[in-house]
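The values are calculated or read from the model by the stated rules, or taken from the named source; none is laboratory data. Note that this is a predicted model, so its numbers are computed, not measured. Cβ: placed from backbone, ideal geometry, glycine included. Neighbour counts: every protein chain shown.
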Amino acid sequence: MNYRHLYHAGNFADVFKHIILTLLIQALQKKATPFMYLDTHAGIGRYDLTTALAQKTAEFQQGIVKLWEVSEAPPAVVTYLNLVRQFNQINQTAPTSKLRFYPGSPCLVKMLLRETERMILCELHPGEVQTLRRVFAQDKQVVIHQQDGYQALTAYLPPPQKRGLVLIDPPFEQLTEFKEVIVGLTTAYRRWATGIYAVWYPIKQRAAIKQFYQQLELSPLRQILVAELLIYPDDTSTFGLNGAGLVIVNPPWQLDEQLQTLLPWLRQHLAIGHQGSYQIKWFNT
Ligand SMILES: C[S@@+](CC[C@H](N)C(=O)[O-])C[C@H]1O[C@@H](n2cnc3c(N)ncnc32)[C@H](O)[C@@H]1O
C-alpha cells in the first residue's frame, strides 16, 4: 500500500470524479427522505496543496487550477467550484480567494449532506485513516472504519435508509483491481440492487478498459452508465494516465443528459493541447 492520494489531489481525474459526485448527491437530495453515503476508499479527506508531496507532482495544476478562474461554466461546475471555495474559506483563518486546500470525496459530500443524512468512510492505510479521523473528529454524521473497502460492501449494505450512494475509488496500483471491482460491485448489487454505485477507474491502455467493459456487460448489473474523460489521445502510453472514467450503476434520471453538457466543457478546459475526448455510453439497459 504505497499509494498516497496527496500526489494526485485536485488533478483532472479528481475534478471529473468530484463534479459528477456532486451531481449524484444533488439528485438524491431531490427527495426529502434521507440516504446513506458509503465511501469505500476514502483517502484523507482534506488535501493541503502547499505540502511537499502535492507540490512534487503538482498534478492539481492540470486540474482544479485550470478551472479556478473560469468566468462561465455549466451549473454542475459552478456548484462544485463554490464548494471548493467554501472549503478553502472554512480551512483558512483569514478570508481568502486563494486555492490552498482541496476537498476529497468525504469532505465534498459532507458539505452537501443534510442533517438527517449519514456517511460511512473506509480507509485501509493506517496513516491515512488517522488523518481522516482528525478531519472528522466529533462529527456525529460520519463513521470511519479502518477496513478493506470491498469488505465494507457486504458489511454495510443494504443501508437501513434503503437509499444511497456507494463510491468505489480504489488506487488501481495493480491491474487486478479491475477484477476486484467487478467482484465487489456484483457482490454489493446482489445484496442491494437499487443503490447507486459509482466506480472510478484510470484509463491507460485501452485493452484493459475493453476487458473491463466486457466484464460489466456479462455481469448481473443493470442500468450501467459509463462516462470517460481523456486529456490525452487514447491508448498513447503504457504508463501515463490518458484519462479517467466513472461507471455509474442505477444513475439518477437525466444524468446522461447532464453529462452531455458537462463532459465537452471539461474536455475543452482540461485537455492538454486540445487533444482529449469524452465518451458517454450505456450497458445492460
Ligand atoms: C484514490 S484514493 C481515494 C480518494 C478519495 N475517494 C477522494 O476522491 O478524495 C484511494 C484510497 O484507498 C486507500 N486504500 C487502498 N486499498 C484499500 C482498501 N483495500 N480498502 C480501503 N481503502 C484502501 C488508499 O490508502 C487511498 O487513500
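Got a sec? Which helices (runs of 4 or more DSSP H) wholly within the range 72-160 have at least 2 residues that are surrounded by fewer than 16 Cβ atoms within 10 Å (Cβ to Cβ)?
Here the list reads 75-91, 126-135, 149-155.
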Some residue of the range 69-76 being more than 24 Å from GLN268 (Cα to Cα) and modelled with pLDDT of 95 or more: no
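From the set of residues in the range 33-71 that are assigned to a loop (DSSP other than H, G, I, E, B) and farther than 30 Å from GLN151 by Cβ, which is farthest from the ligand (Cβ to nearest atom)?
Among residues in the range 33-71 that are assigned to a loop (DSSP other than H, G, I, E, B) and farther than 30 Å from GLN151 by Cβ, the one farthest from the ligand (Cβ to nearest atom) is SER71.
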Pairs where the first residue, in the range 166-178, is farther than 22 Å from ILE20 by Cα and the second is of a type outside the set (S, T, N, Q) and more than 10 Å from the ligand (Cβ to nearest atom), C-beta under 7 Å, 6+ apart: LEU175/ALA208
Which listed residue is at pLDDT below 95, more than 9 Å from the ligand (Cβ to nearest atom) and among the β-branched types (Val, Ile, Thr), from THR131, THR96, THR116: THR96
Residue selected from the range 2-25 under the condition under 19 Å from VAL166 (Cβ atoms) and touching a helix residue (DSSP H, G or I) at 6+ places or on another chain (Cβ under 7 Å), by the criterion farthest from the ligand (Cβ to nearest atom): LEU23
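Can you report the number of residues in the range 166-198 which are assigned to a loop (DSSP other than H, G, I, E, B) and farther than 14 Å from ALA244 by Cβ?
8
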Residue in the range 137-146 that is in contact with a helix residue (DSSP H, G or I) (Cβ under 9 Å, 6 or more places away or on another chain), free of Cβ contacts under 8 Å to residues at least 60 places away in the same chain, of a type outside the set (S, T, N, Q) and within 13 Å of the ligand (Cβ to nearest atom) present: yes
Qualifying positions in the range 44-63 - touching a helix residue (DSSP H, G or I) at 6+ places or on another chain (Cβ under 9 Å), hydrophobic (A, V, I, L, M, F, W, C) and within 21 Å of PRO126 (Cα to Cα): ILE44, LEU53, ALA54
Which numbered condition GLU59 misses (of (1) buried (at least 20 other Cβ atoms within 10 Å of the Cβ); (2) charged (D, E, K, R); (3) closer than 27 Å to ASP256 by Cβ): (3)
The range 188-199, subset within 16 Å of ASP39 (Cα to Cα) and not hydrophobic (A, V, I, L, M, F, W, C), residue surrounded by the most Cβ atoms within 10 Å (Cβ to Cβ): TYR197
